[in-house]
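Derivation of every value follows stated rules applied to the coordinates shown; laboratory data play no part. Predicted model, so just to flag it, every value in this text is computed and none were measured. Quick reminder, even Gly has a Cβ in these numbers, built from the backbone with ideal geometry, and neighbours come from all protein chains shown.
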Amino acid sequence: MTQEIIIGSARSSAPGKVTGRLHISDAPDGSPVEIPVVIIQGAKPGKVLWLHGCVHGNEYCGTYIIHELLGALDPAQLAGTVVALPILNLPAFQARQRTSPFELYHGGDMNRQFPGDPNGTHTQQMAAKIYEPLKTYADVLVDFHTAMTPDVRWALYPKVGGEVEALSEKVARAFGLRDTLPAPPTILNGSAMMTAAKDGIASYIVECGGKMRGFTDESVTDSVARLKNVMVALDMLEGTVRDHGHLNYFSNFAWVTATRGGLFEKSVSCGDRIEVGTVLGRYYDAWGNDKGEATSPQPGIVLAIHPGPVMATGETLVHIGLDPRPV
Ligand SMILES: [Zn+2]
């Protein structure tokens with residue numbers, strides 16, 4: 001009844017927890033870059049749930065969520081297997097930035113490079129090393145991200161049709177973040193979520209908390225409870241699935257960048273409903289003079305807002321979920 005799962009030096013062939021490292025690249029001094037792998041195989045057969053965090057290196061909230069979940073799992077009570085890679089982009093994680101410092105001339109956003117390329121750029125090669133076991137073993141992927149402020153709470157699943165979409169939506173409803181984008185397959189090319197979905201793997205992105213230390217213990221604890229509810233829905237844990245009620249589904253999202261710079265004080269929060277012209281915040285110049293309001297060019301729900309206190313032109317002012325409708 002057991003399954004053999006081998007990811008780098010982590011080898012699981014019986015119920016219980018194993019840990020190891022997966023070699024994804026070499027540093028400039030030739031030393032191996034190896035990321036942590038945890039596999040918890042349950043006593044009963046079931047799905048393989050793949051969890052990963054820090055695909056963007058400074059989005060640490062997901063790493064804490066994964067660690068707290070792993071600490072709470074008992075293999076004797078588990079059906080199926082949890083595979084967890086809490087830190088994907090290790091060079092970026094160590095540099096406390098979104099992308100790897102070794103990615104010099106290309107975009108370097110790992111979440112646009114899947115399935116990766118063994119002969120490609122630094123980040124494409126890392127993505128290839130990670131995606132190979134993901135494609136081999138995963139039935140369901142949950143990918144943790146953050147945005148700019150601690151109150152960020154929204155999610156995405158791939159609207160690709162068929163069983164993959166159905167199972168992905170089931171995960172979205174069990175995790176139950178109110179603001180959710182059924183993402184059309186034309187966007188987020190190269191994300192782990194969309195790449196996995198196109199390979200027949202149900203997937204889900206959680207956006208929870210802000211980058212760096214911009215998240216709370218409560219957001220970690222709440223996410224772990226939601227993740228356990230997903231595992232109940234997937235028949236990996238016993239229990240009754242909690243119903244989170246209706247979700248707000250978006251048609252898409254819009255990024256709005258700042259067309260002026262200055263000191264900036266925001267005046268909306270994540271989850272707020274905004275209309276065209278809603279005041280998002282106020283600018284001041286370096287002499288302290290009031291330079292006017294920033295207003296929204298589109299209606300929707302605030303998914304992320306620049307926290308201030310300073311803004312340069314072209315920075316992300318607001319990220320808006322469009323056409324919210326309760327489903
Ligand atoms: Zn991210």
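Do the alpha carbons of any pairs in Lys17/Lys159; Lys44/Lys198; Lys17/Lys47 sit beyond 26 Å of each other, and which pairs?
Going by Cα-Cα distance, Lys17/Lys159; Lys44/Lys198 fall outside the 26 Å limit.
Nearest 10 degrees, 0 to 90: what angle lies between the long axis of helix 122-137 and the longest principal axis of the chain (Cα atoms)?
On a 0 to 90 degree scale, this one is about 50.
Using the Cα atoms as the points, what is the convex hull volume per residue of region 1-89 in Å³?
That works out to 82 Å³ per residue.
D for region 250-326, whole µm²/s, Stokes-Einstein with Kirkwood Rh over alpha-carbon pairs at 37 °C and 0.692 mPa s: what number?
264 µm²/s
On a 0 to 90° scale, report how tilted helix 217-233 is relative to the longest principal axis of the chain, with both axes built from alpha carbons and the result rounded to the nearest 10.
Between the helix axis and the principal axis of the chain, the angle is about 50 degrees.
How big is the Cα convex hull of the chain in projection, averaged over all directions, in nm²?
Hull-based average projected area comes out at 17.2 nm².
Taking every pair of distinct Cα atoms and averaging 1/r, then inverting, what Kirkwood hydrodynamic radius in Å comes out for region 30-177?
Evaluated on region 30-177, it is 16.4 Å.
Excluding residues fewer than 8 places away in the same chain, name every one of the lysines whose C-alpha is closer than 30 Å to that of Lys266.
Lys211, Lys291
Region 218-240 to region 67-98: how many Å between their Cα centroids?
Between the Cα centre of region 218-240 and that of region 67-98, the gap is 15 Å.
Could you point to the residue in Ala76, Leu188, Leu303 farthest towards the positive end of the chain's charge dipole, with +1 and -1 charges on the Cβ of Lys/Arg and Asp/Glu respectively?
Farthest towards the positive pole: Ala76.
Among all stretches of the chain without exposed trypsin sites (Lys or Arg not before Pro) (DSSP loop, at most 12 other Cβ atoms within 10 Å), which one is longest?
For trypsin sites (Lys or Arg not before Pro) (loop position, at most 12 other Cβ atoms within 10 Å), the longest site-free span of the chain is 97-212.
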